[in-house]
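K.L.:
So that we are looking at the same thing, I have put the structure below in structure tokens.
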Amino acid sequence: MSEGYLSQDEIDALLQGTEEITDSTTVSSAGPLDTNEIDLFKSVMQGTVESQSSNISMVTGKSVIIGAPNVEVKSKQQMLAELMNDVIEVKIDFTDGLVGEHSFLLDPDIAKKLAGFIMGQKDVDLNEAALSGVAEAISNIVGTIATTLGNQINQTVMISPAQCNKVKKGKVKLPAGDSVVKVQYPISIEGEKPAVLIELFALSSVKEVVARSTGSGMATGQPALAGSKMGSKGDTMAKGMSNSGGGDSVQGGDQSILEGLNSMMSTPNVQSVQFPNLQSSQSSQEQSNIGLLMDVYMEMTVELGRTKKLIRDILGIGEGTIIELDKLAGEPVDILVNHKLIAKGEVVVIDENFGVRVTEIVSPLERMADLK
């Protein structure tokens, strides 16, 4: 460079070394992630593994441990070369708050295990029902991830319904762009061999999360920090207080600012609060108001009993299955109004219909406890 100008050779060198010029305040999808960006995103995903393990354990009924994630940026060619010939693809995109293509890739063997545990069966085929079970399990994982990413960027992140298919690796729908972000988790399911889960993000989505996390993504809609625009007023207040301490007179706006500060720092005026006395009786006005509701219909149901079952047990219910309830024979049944317990009674037969004879009205304290 000479006399403040670039030579033609220097211009050519700059153009050859730069693929794209962007404003430093915008989130750009160009270029791979650097080491710091990868480490930051890895730490974000690390915060999801405990919830992921818990969600998979809940739907499978097995102890599941998902290990620390490994984050890499891969070209599409590299990504496809690493995949098996047959892959279970669960595609769940981010649709709002953070927009981008996103999916999980599973080995068919681990997908069969997950489906078998969810359905309560062994050696299941990867049919439509089994794939639906896998989609439900992965949806629970992605829900946790979306919540974590939303907290990271201060947005509500929405996801699309899961689409689960068994495909050849050449048919996998990789995120748009020349490169994808691959997150790989080791997974251990009770009694099974260790396996891996592969999660794919669009590079642009990851760069947006990283940029917003580090405060450089404000051009995407995030407000600027108020402190960065305090210049003139902050200087005026500091100058006004400095002048008053030195004995100089304070004029105009500076005086009003000081008065405002003094009023904010003055002793607050505290007054006691007077509460009306609680009365148990209703006024005649309240009673007449209740009369306006007398013609309103409410749903009344009688509950014989309840129980809780695992998903695999529910899917196994068929004709002749006996379901054991939580009530003993001869024990009073519950009478509910709009699903709230109000009374107990015993079952009777009136002509050919069932009925209930009320034997106990639930006390107000019990009803209040039921509302909690």
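K.L.:
Is it the case that residue 193 is assigned by TED's automatic domain parsing to the domain that holds residue 103, outside any helix (DSSP H, G or I), modelled with pLDDT of 85 or more and closer than 19 Å to residue 95 by Cα?
P.N.:
no
K.L.:
Of everything in the stretch 172-187, what is at pLDDT 90 or above and either touching a helix residue (DSSP H, G or I) at 6+ places or on another chain (Cβ under 6 Å) or not aromatic (Phe, Trp, Tyr) (or both)? Give them in sequence order.
P.N.:
172, 173, 174, 175, 179, 180, 181, 182, 183, 184, 186, 187
K.L.:
Just give me the residues in the stretch 74-89 being assigned to a strand (DSSP E or B) and surrounded by 17 or more Cβ atoms within 10 Å (Cβ to Cβ), in sequence order.
P.N.:
The answer is 74, 87, 88, 89.
K.L.:
Taking the stretch 107-152 on its own, how many of its residues are farther than 19 Å from residue 64 by Cα, touching a residue at least 60 places away in the same chain (Cβ under 8 Å) and not polar (S, T, N, Q)?
P.N.:
1
K.L.:
Sticking with this one: Please determine whether any residue of the stretch 113-128 is of a type in the set (A, V, I, L, M), in the same structural domain as residue 214 (by TED's automatic domain parsing), in a helix (DSSP H, G or I) and within 17 Å of residue 197 (Cα to Cα).
P.N.:
yes
K.L.:
Let me ask something else. Quickly run through the stretch 196-215 and pick out the residues that are under 27 Å from residue 174 (Cβ atoms), surrounded by fewer than 16 Cβ atoms within 10 Å (Cβ to Cβ) and modelled with pLDDT under 90.
P.N.:
214
K.L.:
Still on this structure: Out of 94, 104, 41, I need the residue that is buried (at least 21 other Cβ atoms within 10 Å of the Cβ), in the same structural domain as residue 196 (by TED's automatic domain parsing), more than 23 Å from residue 137 (Cβ to Cβ) and among the hydrophobic types (A, V, I, L, M, F, W, C). Which one?
P.N.:
Within the list 94, 104, 41, the selection yields 41.
K.L.:
Now a separate question. State whether one or more residues within the stretch 30-38 are at pLDDT below 90 and among the small types (Gly, Ala, Ser).
P.N.:
yes
K.L.:
Can you tell me which of (1) within 23 Å of residue 315 (Cα to Cα); (2) surrounded by fewer than 18 Cβ atoms within 10 Å (Cβ to Cβ); (3) touching a strand residue (DSSP E or B) at 6+ places or on another chain (Cβ under 8 Å); (4) not polar (S, T, N, Q) is the one residue 123 doesn't meet?
P.N.:
(3)
The values are calculated or read from the model by the stated rules, or taken from the named source; none is laboratory data. Computed from a predicted structure; not experimentally measured. Note that we place each Cβ from the backbone using ideal geometry, even for glycine, and neighbour counts take in every protein chain shown.
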